[in-house]
Ligand code: NAD
């Protein structure tokens, strides 16, 4: 499938108008925004590693039954991300933050590319791939070693096995991050939902929360999602192409 089609011009115009009339913006991003930086999504054709689906590896059960395998997958992903640069979509959101009175960026991504592009008010709902957490004490530390010298890596304080400091399927997003996100949605004039399949909780609820609060919502995605019908505008296209056109 060729995804390099031009987004519909009337939809771009409508999105520009909606954005111009809004001073407080809340954005939710998913793996799709980093796809053009070369970071694979979980549900795209490139979502496989060896013979495993991401959903089989990104779980506490997978980790505790085979920590080495899960860490090898993370080591591979960390190498990809270390070589990745933010794309035009990430930079357009940074520019949007510079222009607006209020701006919150909620991301499900763990790659840190929004911060690398200069975005400041970022809520990383699912953690960060450049942090590790001691499996005994829960202490978090930064770790930028690429490739990892030892797999699994150890906590530098206790010497015990560490895990990636990310939220896996079946785990709970810290309550404080959910409250901050819902507050940003309640306080915004417009919500933008970019490159997320809308299948992972709690973020899949955020667009519904925005509509319950009567907020206009624009979606940008290559494909329709389960919530597309709820939104005011849904633009088909690559985020790296669409976002710079509407900011
Ligand atoms: P997902 O893989 O379920 O869905 C990606 C979505 O992005 C799809 O709807 C797809 O149609 C769309 N998409 C793909 N390329 C696009 C592009 N260029 N422009 C616009 N849309 C595009 O991702 P998700 O909804 O974020 O949920 C999966 C989970 O995967 C999250 O928990 C996230 O933490 C994790 N994840 C993160 C990364 C990352 O940090 N970059 C990468 C893979 C998965």
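The values are calculated or read from the model by the stated rules, or taken from the named source; none is laboratory data. Everything numeric in this text was worked out from a predicted model, so none of it was measured. Reconstructed Cβ throughout: ideal geometry from the backbone, glycine too, with neighbour counts over all protein chains shown.
For the reader, a short list of remarks on this structure follows.
- Elements of type helices (runs of 4 or more DSSP H) in the range 1-57, at least 3 residues being within 13 Å of the ligand (Cβ to nearest atom) and at negative phi: 32-35, 54-57
- Just one residue in the set 128, 165, 109 is in contact (Cβ under 8 Å) with a residue 24 or more places away in the chain and closer than 18 Å to residue 243 by Cα; that residue is 109.
- Among the residues listed as 239, 197, the single one being surrounded by 16 or more Cβ atoms within 10 Å (Cβ to Cβ), farther than 17 Å from residue 97 by Cα and within 16 Å of the chain's Cα centre (by Cα): 197
- Looking only at residues in the range 101-149 that are on the phi > 0 side of the Ramachandran plot and away from the ligand (no atom under 13 Å from the Cβ), the one that is surrounded by the fewest Cβ atoms within 10 Å (Cβ to Cβ) is 138.
- For residue 188, the conditions (1) touching a helix residue (DSSP H, G or I) at 6+ places or on another chain (Cβ under 9 Å); (2) more than 21 Å from residue 17 (Cα to Cα); (3) surrounded by 15 or more Cβ atoms within 10 Å (Cβ to Cβ) are fulfilled apart from (2).
- Cβ-Cβ distances below 6 Å connect no pair with a first residue in the range 212-224 that is part of a helix (DSSP H, G or I), a second residue that is surrounded by fewer than 20 Cβ atoms within 10 Å (Cβ to Cβ) and modelled with pLDDT of 95 or more, and a separation of six or more residues or different chains.
- Subset of the range 58-69 [assigned to a loop (DSSP other than H, G, I, E, B) and within 17 Å of residue 153 (Cβ to Cβ)]: 66
- 2 or more residues touching a strand residue (DSSP E or B) at 6+ places or on another chain (Cβ under 7 Å) and under 28 Å from residue 22 (Cα atoms): qualifying strands (runs of 3 or more DSSP E) within the range 70-166: 102-107, 122-124
- For residue 89, the requirement of being at positive phi and crowded, with 16+ Cβ neighbours inside 10 Å is not met.
- Condition met for residue 152 (under 22 Å from residue 59 (Cβ atoms), in contact (Cβ under 8 Å) with a residue 12 or more places away in the chain, more than 12 Å from the ligand (Cβ to nearest atom) and buried (at least 17 other Cβ atoms within 10 Å of the Cβ)): yes
- So residue 230, is it more than 24 Å from residue 94 (Cα to Cα) and either buried (at least 21 other Cβ atoms within 10 Å of the Cβ) or within 8 Å of the ligand (Cβ to nearest atom) (or both): no
- Residues in the range 167-185 that are in a helix (DSSP H, G or I) and in contact with a helix residue (DSSP H, G or I) (Cβ under 7 Å, 6 or more places away or on another chain) were compared, and the one that is nearest to residue 231 (Cα to Cα) is 185.
- Residue that is farthest from residue 221 (Cα to Cα) [pool: residues in the range 186-199 that are within 16 Å of the ligand (Cβ to nearest atom) and in a loop (DSSP other than H, G, I, E, B)]: 199
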